[in-house]
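The values are calculated or read from the model by the stated rules, or taken from the named source; none is laboratory data. Remember, it's a predicted structure, so these values are computed and weren't measured experimentally. Here the Cβ positions follow ideal geometry from the backbone for every residue, glycine too, while neighbour counts run over all protein chains shown. Heads up: the accessible areas ignore ligands, DNA and RNA and are worked out on the full protein's heavy atoms, side chains in. Shrake-Rupley method; radii C 1.70, N 1.55, O 1.52, S 1.80 Å.
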Amino acid sequence: SDVGPRVWRDLNAGPTWLPPKTTPDKDLVKNLYNGQWALKKEIMGPGPHAAFGMSLLVHHQVVKLRDGTERFDQNGIGTHGSASVTSIVNGTSHGCHRLYNQLAVRLSDYLLRHRDHVAQGEQAESYKRIVNHHGTFVAKIDTRGFLYELTPPVPIEVTKGNILTPRKVPPKNAVWRATP
């Protein structure tokens, strides 16, 4: 992920993952081993088995504008929980900073207990994708999760990490994008 100063402004509880168009359909279905296939709803969330786990903190870059105001930009990178222990151990990521779910929940709880915040509530979403692999499935997501806005945002410093996999950059269009 990009290095340098960032802030955590958006804390999403029960976040959902919207599979980008670049995600192959075969990666969104599972074999039930009884001759049936099913959509992997659990990885989209919300829930403990979701790609973003139980909480997501978005990395925003603060951009100072000429008029003295600030804009918060983000490129789809964040710190979030993960149900996949092996992805954490093996370093598999699209650039996000993954934590074990229980640690992501503890961090989020700590921030909400010790920082001022505004509960923005459930964030509506209207994602729909037709998945064609061993059948036709409809992936529908109607929420991005429950948003808390940290006021003021929490400054963080993203430092260079150790990339363990052969891939040194995330796949194009593979990162999470927040709804503005």
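So the values come out like this:
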quantity	calculated
Subset of segment 21-62 [within 16 Å of the chain's Cα centre (by Cα) and of a type in the set (Phe, Trp, Tyr)]	52
Those helices (runs of 4 or more DSSP H) lying entirely in segment 28-144 with at least 3 residues within 30 Å of residue 3 (Cβ to Cβ) and open to solvent by 70 Å² or more (accessible area, probe 1.4 Å)	85-90, 101-114
Residues (in contact with a helix residue (DSSP H, G or I) (Cβ under 6 Å, 6 or more places away or on another chain) and of a type outside the set (A, V, I, L, M, F, W, C)) located in segment 20-61	40, 48, 49, 53, 55
Only listed residue being among the charged types (D, E, K, R), over 13 Å from residue 145 (Cα atoms) and at pLDDT 95 or above, chosen from 30, 64	30
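A quick yes/no check of all residues on (1) of a type in the set (A, V, I, L, M, F, W, C); (2) out of contact with any Gly (no Cβ under 8 Å at 6 or more places or on another chain):
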residue: 3; (1), (2): yes, yes
residue: 6; (1), (2): no, yes
residue: 16; (1), (2): no, no
residue: 44; (1), (2): yes, yes
residue: 53; (1), (2): no, no
residue: 59; (1), (2): no, no
residue: 78; (1), (2): no, yes
residue: 85; (1), (2): yes, yes
residue: 98; (1), (2): no, no
